[in-house]
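Below is one structure, written out as structure tokens; comments come after it.
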Amino acid sequence: MTITLALVQTHPRFLALEKNHAHAVELIDSTDADVYVLPELYLNGYAFSNLDELARTALPAENRYFDELLAISMEKGIAICGGYAESARGDAGPTFFNSAFLIADGELLVNYRKTHLFFRETQFFTAGDTGFSVVEWRDVRLGVMICFDWFYPEAARALALAGADVILHPSNLVLPYCQKAMYARAVENRVFIATVNRVGRETNTHGDDLTFTGASQLVSPSGEYLVTLPIDSEEVRTVEIDPTVARSKQINEFNDLLAGRRPEFYR
Ligand code: ACM
């Protein structure tokens, strides 16, 4: 069984939701694939200066941009994953999450809230409360994590233990070594990992000057870089994979990756 993944590396413009969304749709329309992956916060941009900027542009998981993605996914029979700033109603007012959606065949299959917040995100967002889960779509088992979740190998391991064939990893990376680390996450879990990053630079009133590192990539369970995108320009690249390859955790005749774990010695 094969599916085609599209890594959609974009340059979101800060708080320009309309423009960022229209551009993402244009890129999705320009390419044939089954599963499309956009960056973290593809709608909003990243470098918030204050809570007001976030409050003005965060959206509930039902919103008109997703309505369009739901319709496109239904019409084309595809899945689309990407990140957005989510506004959720709480007793004491709205709570903001750095979230990622997986929309497929006209349905919101996953709304994942980022577990590990990075740097100034901790000032504006609430740490996610969804945990990690895997959904099956067209016989492919898909898991979602967001950017800095990579720093915690437990995230990818939790998704592997939940049966993921492919981890979709929308990102806004600024540190230089995630792409190398994700190679290890793919090999040590024997899963495919699509890390889809953004490009461009953003500053804010705190003096943060962030250059996003591009270089989106797809790594196979056996450690092949199946796609590597440029560090500084938008690009969409597709690749066909057999996701069921990730289901064999047999490293050799003596070692099964997951069966060989010794969780009694790990915390
Ligand atoms: C990050 O988590 N956006 C670095």
Quick check: the angle from helix 64-76's long axis to the longest principal axis of the chain, C-alpha only, nearest 10 degrees? 40 degrees
For the pairs Lys76/Lys249; Lys19/Lys180; Lys114/Lys180, note any where the Cα-Cα span goes beyond 29 Å. Lys76/Lys249; Lys19/Lys180
From the C-alpha gyration tensor of the range 143-267, square roots of 5λ in Å: 29, 18, 10
Of all DSSP beta bridges in the range 120-267, what percent run antiparallel (nearest 5)? 65 percent
What is the log10 of I(q)/I(0) for the range 91-173, computed with the Debye formula using one identical point scatterer on each Cα and no solvent, at q = 0.13, 0.14, 0.17, 0.27 Å⁻¹? -0.41, -0.47, -0.68, -1.37
Compute the separation of the alpha-carbon centres of the range 180-207 and the range 108-129 and state it in Å as a whole number. 15 Å
Part-to-part distance (alpha-carbon centres) for the range 1-64 and the range 140-154, which is given in Å: 18 Å
Sequence order, the range 18-31: Karplus ³J(HN,Hα) from phi using 6.51 cos²θ - 1.76 cosθ + 1.60, θ = phi - 60°, Hz rounded, Gly and Pro as x, gives 4, 5, 5, 5, 4, 5, 4, 5, 4, 5, 4, 5, 7, 9
Along each principal axis of its Cα atoms, how long is the range 172-223 end to end? Whole angstroms, biggest number first, please. 43, 14, 11
So how do Lys19, Lys249 line up by other beta-carbon neighbours within 10 Å, fewest first? Lys19, Lys249
Roughly what would the spin-label model give for Asp91 and Leu226, points 7 Å off Cα along C-beta, in nm? 4.6 nm
Residue order, fewest to most beta carbons within 10 Å, for Glu107, Glu253, Glu40, Glu75: Glu253, Glu75, Glu107, Glu40
Over the range 30-114, one equal point on each Cα, no solvent: what is log10 I(q)/I(0) by the Debye formula at q = 0.19, 0.20, 0.24, 0.25 Å⁻¹? -0.82, -0.89, -1.16, -1.23
Calculate the all-directions average of the projected area of the chain's alpha-carbon convex hull, and give it in nm². 14.2 nm²
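Throughout, read-outs are computed from the coordinates displayed, never taken from laboratory work. Only a predicted model underlies this, so the values are computations on that prediction, with no experimental measurement involved. Here Cβ is always computed from backbone atoms with ideal geometry, including for glycine, and neighbour counts include all displayed protein chains.
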